[in-house]
Amino acid sequence: MTVTGHTTRAGVMGWPVAHSRSPRLHGYWLALHGIDGAYLPLAVAPDDLADALGALPERGFAGVNLTVPHKEAALASLDTLSETARRIGAVNTVTVGTDGTLAGDNTDAFGFIENIRAGAPTWSAAAGPAVMIGAGGAARAVAVALIDAGVPELRVVNRTRARAETLVAELGGPLAAVDWADRHGALDGATLLVNTTTLGMTGAPPLELDLGALGPGAVVNDIVYAPLETPLLTVARRAGHVAVDGLGMLLHQARPGFAAWFGVEPEVTAELRAFVLDEPGG
Ligand code: ATR
């Protein structure tokens with residue numbers, strides 16, 4: 001790849017950022033479509049975020065993705081926010097306008113629902129209750145996605161009940177907080193279960209959850225993708241449920257940013273999945 005003065009620039013701001021798979025993901029699409037573009041890992045310390053965002057127009061950037069720990073902090077440094085970003089309270093995609101203004105959006109909800117639709121094509125939001133484990137940052141995007149998809153009921157189970165109650169109060173809709181101790185029974189008749197906690201991630205303990213009360217053929221999704229096959233997904237698959245891993249959420253959330261910056265609607269394919277996974281330490 002040769003970067004010239006005409007090359008369209010984008011990237012991901014994080015701290016640290018070396019582990020991010022986004023440069024590999026966007027780099028795949030750039031090469032596939034023969035675009036004169038570059039997508040760079042941008043290590044930005046928390047104190048430098050506002051300055052780094054403010055410098056994007058003069059540095060010739062079309063936009064950036066934001067990852068940990070910048071998603072919430074960036075809200076204050078942008079000129080406009082999409083309704084979705086406002087509801088989720090976090091930004092993961094910034095686009096530089098022709099007038100140099102910065103527009104913030106959140107495509108995690110889109111990525112989540114596209115991943116469910118791709119992994120479980122027969123799932124219908126309206127068909128039954130959904131259960132979400134966790135009430136952190138990632139949970140807000142999942143909850144917004146499920147409200148907008150039209151779930152009749154969303155049960156929010158969190159170890160710290162107060163956090164679940166805050167999420168329920170802020171987002172409104174068909175949400176209800178459930179005690180952590182009641183999580184097994186909360187699955188009664190549910191057609192979708194989503195784990196948004198860090199439980200099940202490499203190095204973390206598994207999520208202790210009895211899936212017995214889940215409806216037959218329910219969809220079980222873990223938004224974690226390291227490992228790809230979490231203990232929860234293994235148990236779900238064995239019980240005959242439809243298991244959907246978390247990698248697709250990462251891949252699909254990247255689509256709107258790529259389209260806005262580089263002018264091509266990219267596709268998520270099996271080859272892309274394999275390419276993104278095949279990165280030692282990535
Ligand atoms: P993220 O932005 O990735 O969602 P977060 O905001 O730190 O990260 O949220 C982490 C989620 O995992 C929370 O729902 C957290 O529960 P608490 O609100 O009670 O902290 C949940 N979590 C993390 N470790 C947990 C554990 N050992 N048992 C149960 N829930 C856990």
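Values in this text are rule-based calculations from the coordinates and carry no lab data. Given the structure is predicted, the values throughout are model-derived calculations rather than measurements. Backbone-built Cβ (ideal geometry, glycine too); neighbour counts: all protein chains shown.
The helix-based estimate of mean residue ellipticity at 222 nm for the chain, built from -39,500 (n - 2.57) per DSSP H run of four or more residues and divided by its residue count, is -9500 deg cm²/dmol to the nearest 500.
Reported value for region 1-48: 69 Å³ per residue, from the convex hull of its C-alpha atoms. Projecting the Cα atoms of Val220, Ala190, Thr166 onto the charge dipole of region 159-282, computed from C-beta unit charges around the Cα centre, puts Thr166 farthest toward the positive end.
How much space per residue, in cubic angstrom, does the convex hull of the C-alpha atoms of the chain take up?
Details: hull volume 36.3 nm³, N = 282.
Here the figure is 129 Å³ per residue.
Taking amide H as placed 1.01 Å from N in the peptide plane, Val242 has its amide H under 5 Å from the amide H of Ala218, Val219, Val220, each at least 5 places away in sequence or on another chain.
Taking a ≥ b ≥ c as the square roots of the eigenvalues of the Cα gyration tensor, region 109-245 is classed as rounded, since a/c falls below 1.5. Count Lys and Arg as plus one, Asp and Glu as minus one, and take only other residues whose Cβ is under 13 Å from that of Pro46; the net charge is then -3. Computed over neighbours whose Cβ is under 15 Å from that of Thr196, the net charge equals +3, Lys and Arg +1, Asp and Glu -1.
Short-range pairs are left out: with C-alpha atoms under 8 Å and at least six residues apart, the relative contact order of the chain is 16 percent. To the nearest 0.05, how large is the calculated FRET efficiency for Ala50 and Arg238 if R₀ is 35 Å and r is the Cβ-Cβ distance? E between Ala50 and Arg238, to the nearest 0.05, is 0.10. Ordering 139-148, 252-261, 161-170 by mean Cβ neighbour count within 10 Å, with the highest value first, yields 139-148, 252-261, 161-170.
For the peptides 96-105, 20-29, the ranking by mean Cβ contacts within 10 Å, running from highest to lowest, is 20-29, 96-105. Both the radius of gyration and Dmax for region 188-282 are 15.3, 47 Å, in that order, over alpha-carbon atoms.
Rounded to the nearest 20, the Cβ-based charge dipole of region 109-245 about its Cα centre (Lys and Arg +1, Asp and Glu -1) stands at 80 debye.
Residue exposure proxy: Phe61, Phe275, ordered by other Cβ atoms within 10 angstrom of their Cβ from fewest to most, comes out as Phe275, Phe61.
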